[in-house]
1. Please work out if F101 is of a type in the set (F, W, Y), in contact with a strand residue (DSSP E or B) (Cβ under 6 Å, 6 or more places away or on another chain), more than 26 Å from K352 (Cα to Cα) and in contact (Cβ under 8 Å) with a residue 40 or more places away in the chain.
2. When residues of segment 251-284 are filtered for being surrounded by fewer than 16 Cβ atoms within 10 Å (Cβ to Cβ) and either among the charged types (D, E, K, R) or within 30 Å of M70 (Cβ to Cβ) (or both), how many remain?
3. Determine which single condition N5 fails, assuming it passes every other condition in (1) in contact with a helix residue (DSSP H, G or I) (Cβ under 6 Å, 6 or more places away or on another chain); (2) modelled with pLDDT under 95.
4. Could you say whether any residue in segment 367-380 is surrounded by fewer than 24 Cβ atoms within 10 Å (Cβ to Cβ), modelled with pLDDT of 95 or more and not in a helix (DSSP H, G or I)?
5. Output the residues belonging to segment 1-20 that are among the acidic types (D, E) and either assigned to a helix (DSSP H, G or I) or surrounded by 16 or more Cβ atoms within 10 Å (Cβ to Cβ) (or both).
6. Any idea which of E23, E36 is surrounded by 15 or more Cβ atoms within 10 Å (Cβ to Cβ) and acidic (D, E)?
7. Of all residues being part of a helix (DSSP H, G or I) and touching a residue at least 24 places away in the same chain (Cβ under 8 Å) in segment 339-349, which is surrounded by the most Cβ atoms within 10 Å (Cβ to Cβ)? Just the residue, please.
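The values are calculated or read from the model by the stated rules, or taken from the named source; none is laboratory data. These numbers were taken from a predicted model, which means no experiment stands behind them. Cβ: placed from backbone, ideal geometry, glycine included. Neighbour counts: every protein chain shown.
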Amino acid sequence: MLDYNITDEQRLLVDLVKRIGEEYILPHALSWDEKELYDPTPIRALADADLFGIIVPQEFGGLGMGVLEMCLAVEWLSYFCAGVSTTYAASFLGAYPLILFGNKEQKEKYLPEVAQGKKLCAFALTEPQAGSDAFAIKTTAKREGDFYVLNGVKQWITNGGIADLYIVIALTDPNKGPRGASAFIIEKSDQGFSFGRKEKKLGLKASITTDLFFNDCKIPADRLISREGMGFMVALRTLDYARCGAGAQALGIAQAALEVSLRHAKKRIQFGQPVYNFQAVSHTFAEMAMRLESARALVYNVARYIDRGAKDFSGASAMAKCFATDQTMWICERALQMMGGYGYMRDYPVQKYLRDAKCLQIYEGTNEIQKNVIARELAKFYK
């Protein structure tokens with residue numbers, strides 16, 4: 001409903017994503033969800049359209065665009081299927097550490113193929129005992145001459161098994177606590193590196209989630225990102241950039257839920273008229289639209305703030321993720337209610353939107369953790 005001063009180039013980007021969504025995703029989204037099937041076809045279409053290169057600098061074969069363009073692409077992919085957009089966005093999550101902290105040799109080696117969509121990425125921080133408490137990780141990386149040897153388990157990793165590159169946070173000095181963590185590049189073919197079973201999830205079923213296992217996984221020392229002890233700095237900065245993407249996913253899901261349920265309400269005749277004509281129903285849709293546009297304004301503004309070169313945006317990024325995903329859960333629940341029994345049936349997409357949206361309040365830091373971040377930043381600002 002609102003104009004957010006999107007440039008002509010950004011509109012072309014959105015139109016391209018929509019065309020891919022309509023051709024490669026829309027006809028299959030419910031079937032993929034029902035079968036819990038990852039289909040690489042739309043991922044290949046995105047790669048062919050150079051859309052994996054959005055955030056990769058031009059000098060390494062990318063498009064050199066910003067966070068806002070990333071959000072626009074993720075938002076409109078999510079409009080068609082949040083499972084597909086999760087595979088896509090998780091590759092950005094795995095690429096950000098290389099873009100932000102990788103050295104020239106690492107960038108030259110990996111980023112051109114990432115930009116072309118030839119190599120999918122994944123980001124591995126969470127462990128069985130280290131979720132919200134990320135500092136509790138136990139995976140180790142021991143230096144042995146010109147190599148590091150990794151041992152441990154990473155849990156619930158998006159793109160596990162299908163990604164080619166994994167950015168893994170492991171302890172190089174367990175005695176230093178958070179200051180002893182480091183970031184490493186792991187290749188899918190590395191010896192001692194394997195994957196768990198595909199997780200059975202409530203939503204986002206068109207994406208793959210697995211555990212990662214490291215059993216004396218030996219990698220060259222030049223796969224260390226930045227330097228030893230920088231692991232949590234790499235992880236936290238990466239999440240600061242990526243959380244806008246989670247907010248953007250929420251926007252796409254909410255937009256789809258609003259549209260599907262509103263069209264149903266305008267066609268569904270009860271008591272001799274469309275149910276949309278009843279004030280209780282139309283006011284609900286008005287509230288849905290207000291919440292959606294408020295969330296979109298926040299996500300876009302934070303993305304622009306980051307793209308303008310902001311130095312400290314942890315709180316803003318947390319707000320965008322937390323607010324947008326909370327609003328989307330409310331919108332999806334109301335959308336299902338507005339469709340009555342139809343909304344509850346798996347033949348219709350609104351129940352999928354609700355299930356997909358729930359995970360957005362959990363991954364990349366639960367919304368409770370986002371409020372901790374926001375509160376911490378507020379304390380710094382208002383001294």
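1. Details: of a type in the set (F, W, Y): yes; in contact with a strand residue (DSSP E or B) (Cβ under 6 Å, 6 or more places away or on another chain): yes; more than 26 Å from K352 (Cα to Cα): yes; in contact (Cβ under 8 Å) with a residue 40 or more places away in the chain: yes.
Here the answer is yes, as F101 does meet what is asked.
2. Of the residues in that region, 4 qualify.
3. (1)
4. Looking for residues that are surrounded by fewer than 24 Cβ atoms within 10 Å (Cβ to Cβ), modelled with pLDDT of 95 or more and not in a helix (DSSP H, G or I), one finds none in segment 367-380, hence no.
5. Within segment 1-20, D8, E9, D15 meet the criteria.
6. Working: E23 fails: surrounded by 15 or more Cβ atoms within 10 Å (Cβ to Cβ).
Only one candidate qualifies: E36.
7. Looking only at segment 339-349, we keep the residues that are part of a helix (DSSP H, G or I), and these are 341-344.
When the remaining residues are screened for being touching a residue at least 24 places away in the same chain (Cβ under 8 Å), the result is 342-343.
Details: Y342: 16, G343: 23.
Selected residue: G343.
So that you can scan it fast, the table gives a plain yes or no per residue for (1) within 28 Å of T210 (Cα to Cα); (2) within 21 Å of the chain's Cα centre (by Cα); (3) not hydroxyl-bearing (S, T, Y):
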{"site": "L12", "(1), (2), (3)": "no, no, yes"}
{"site": "K18", "(1), (2), (3)": "no, yes, yes"}
{"site": "E36", "(1), (2), (3)": "yes, yes, yes"}
{"site": "P40", "(1), (2), (3)": "yes, yes, yes"}
{"site": "F60", "(1), (2), (3)": "no, no, yes"}
{"site": "G64", "(1), (2), (3)": "no, yes, yes"}
{"site": "C71", "(1), (2), (3)": "yes, yes, yes"}
{"site": "F92", "(1), (2), (3)": "yes, yes, yes"}
{"site": "I99", "(1), (2), (3)": "yes, yes, yes"}
